[in-house]
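Participant: If you scroll down you'll find the structure; I have some questions about it.
The values are calculated or read from the model by the stated rules, or taken from the named source; none is laboratory data. Note that the structure is predicted; figures quoted are calculated from it, not measured. Don't worry about glycine lacking a Cβ; one is built from the backbone with ideal geometry, like all the others, and counts go over all protein chains shown. Calculation scope for accessible area: heavy atoms of the full protein, side chains included, ligands and nucleic acids excluded. Shrake-Rupley method; radii C 1.70, N 1.55, O 1.52, S 1.80 Å.
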Amino acid sequence: MYYNENTTIYLDGKWIKAKDASMDLYSQTLHYGSGVFEGIRSYKTEDGTLVFKAKEHFERLKYSAEKMHIKLDLSVEQLTKLTHELLEKNNLENAYIRPLVYLGANMSLESTDEVHIILCAWEWGRYLGDSQLKLMTSSFERPNPKSCFVDAKVTGHYTNSILATTEAKRNGFDEALLLDMNGYVAEGPGANFFFEKNDILYTPPLGNILPGITRQTMFEIAGELNIRIIEKHFEKEEVYEADGAFFTGTAAEVARIESLDGKKFNLNWDDTLGKTLSDAYLFKVQKREYKNYLLL
Ligand code: PMP
């Protein structure tokens, strides 16, 4: 699914076949989760392939590395150039790109100087799919920002996400919604959360969540379309009364949500602001003008 015998990846300065790649089983990242990564999408546009918000993603990768004391020598520009080469070598246009920075053999708990980077890409449909999601409030909380850097994209943080999604699926739901350590709604296991009430969108402020690049794009689009988004803390009970809700993420794009804990939202998806933002997002990533189209 992620690679075949022809797939080429970038590993530490070399282009090699994915099937020939190997890693050290004593890697500190494998044992303790001390790696950093990104999830980026490219889109086919009239002007060629666009790596959407490449700068923002690679800046976040560098930020995540710095927070984890991982020395990442490549610049944002170099990483962007390599990503374009990766797509060309694999003949990919609409793709999901996964940079991963991981560490060499070290069984101690002190960060280590041996740093590796891979860049790989594959064609990937919308994570979370296209149907309306039934969410459950997770029994797992998002990590406390005092326990780690929640605004960094660190491999080990995703054990929390895996527990939450698995719990939700085993209980017959599609996905989880996690609260923060104060009991306020935070985000999904791999996406940010918005809900709509009386023509206004609400989303948790930064602090206890990953600062999503798609979340930021929602603010840009909403600004252009005169849609109001308010950042505030709210409890799950407020979401029960919502008119609509959605997740945002690079992999998920804008994912429609039908209900939380069995409480269905008031509006049909097609009548929500989420639908408008979802349409606009797909125009924007393809560099197509959407303002006039959506106002018609
Ligand atoms: N929150 C979490 C926990 C995530 O893993 C992701 C995906 N990176 C997001 C939010 C959304 O971030 P972005 O829009 O930058 O992909």
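Participant: Considering only segment 168-201, state which residues are under 19 Å from residue 213 (Cβ atoms) and aromatic (Phe, Trp, Tyr).
Facilitator: 193, 194
Participant: I've got another one for you. With the requirement that a residue be out of contact with any helix residue (DSSP H, G or I) (no Cβ under 9 Å at 6 or more places or on another chain) and either free of Cβ contacts under 8 Å to residues at least 24 places away in the same chain or more than 10 Å from the ligand (Cβ to nearest atom) (or both), what does segment 143-157 give you?
Facilitator: 144, 145, 146, 147
Participant: Let me ask something additional. Evaluate segment 111-134: report whether one residue or more is modelled with pLDDT of 95 or more, over 27 Å from residue 25 (Cα atoms) and in a strand (DSSP E or B).
Facilitator: yes
Participant: Quick one: residue 68 ticks every box in (1) closer than 22 Å to residue 30 by Cβ; (2) open to solvent by less than 20 Å² (accessible area, probe 1.4 Å) except a single one, so which number is it?
Facilitator: Only one criterion is unmet by residue 68, namely (2).
Participant: Something else about it: Determine which member of the set 172, 183, 207, 190 is in a loop (DSSP other than H, G, I, E, B) and crowded, with 21+ Cβ neighbours inside 10 Å.
Facilitator: So the residue among 172, 183, 207, 190 that is in a loop (DSSP other than H, G, I, E, B) and crowded, with 21+ Cβ neighbours inside 10 Å is 190.
Participant: What are the residues in segment 25-59 that are touching a helix residue (DSSP H, G or I) at 6+ places or on another chain (Cβ under 8 Å) and either outside the structural domain of residue 110 (by TED's automatic domain parsing) or open to solvent by 30 Å² or more (accessible area, probe 1.4 Å) (or both), if any?
Facilitator: 32, 49, 50, 53, 55, 56, 59
Participant: Failed condition for residue 96, given (1) modelled with pLDDT of 95 or more; (2) open to solvent by 60 Å² or more (accessible area, probe 1.4 Å); (3) closer than 23 Å to residue 282 by Cα, with all others met?
Facilitator: All conditions are met except number (2).
Participant: Just the residues that are open to solvent by 10 Å² or more (accessible area, probe 1.4 Å) and under 19 Å from the mean Cα position of the chain (by Cα), please, taken from segment 216-230.
Facilitator: Residues satisfying the conditions are 216, 219, 220.
Participant: Looking only at segment 195-233, how many residues end up being among the β-branched types (Val, Ile, Thr), touching a residue at least 40 places away in the same chain (Cβ under 8 Å) and away from the ligand (no atom under 16 Å from the Cβ)?
Facilitator: Going through segment 195-233 one residue at a time, the tally reaches 1.
Quick grid of which residues meet (1) over 17 Å from residue 186 (Cβ atoms); (2) in a helix (DSSP H, G or I); (3) not polar (S, T, N, Q):
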residue	(1), (2), (3)
226	yes, no, no
229	no, no, yes
251	yes, no, yes
255	no, no, yes
258	yes, no, yes
270	yes, yes, yes
280	yes, yes, yes
283	yes, yes, yes
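Participant: Follow-up. Filter segment 217-257 down to the residues that are under 23 Å from residue 124 (Cβ atoms) and either among the acidic types (Asp, Glu) or outside the structural domain of residue 205 (by TED's automatic domain parsing) (or both) and list them by number.
Facilitator: Within segment 217-257, just 253 meets the criteria.
Participant: How about segment 263-282: which of its residues are surrounded by fewer than 18 Cβ atoms within 10 Å (Cβ to Cβ) and in contact (Cβ under 8 Å) with a residue 40 or more places away in the chain?
Facilitator: Result: 267, 269.
Participant: Can you go through 210, 260 and tell me which one is more than 17 Å from the chain's Cα centre (by Cα) and aliphatic (A, V, I, L, M)?
Facilitator: The unique qualifying residue is 260.
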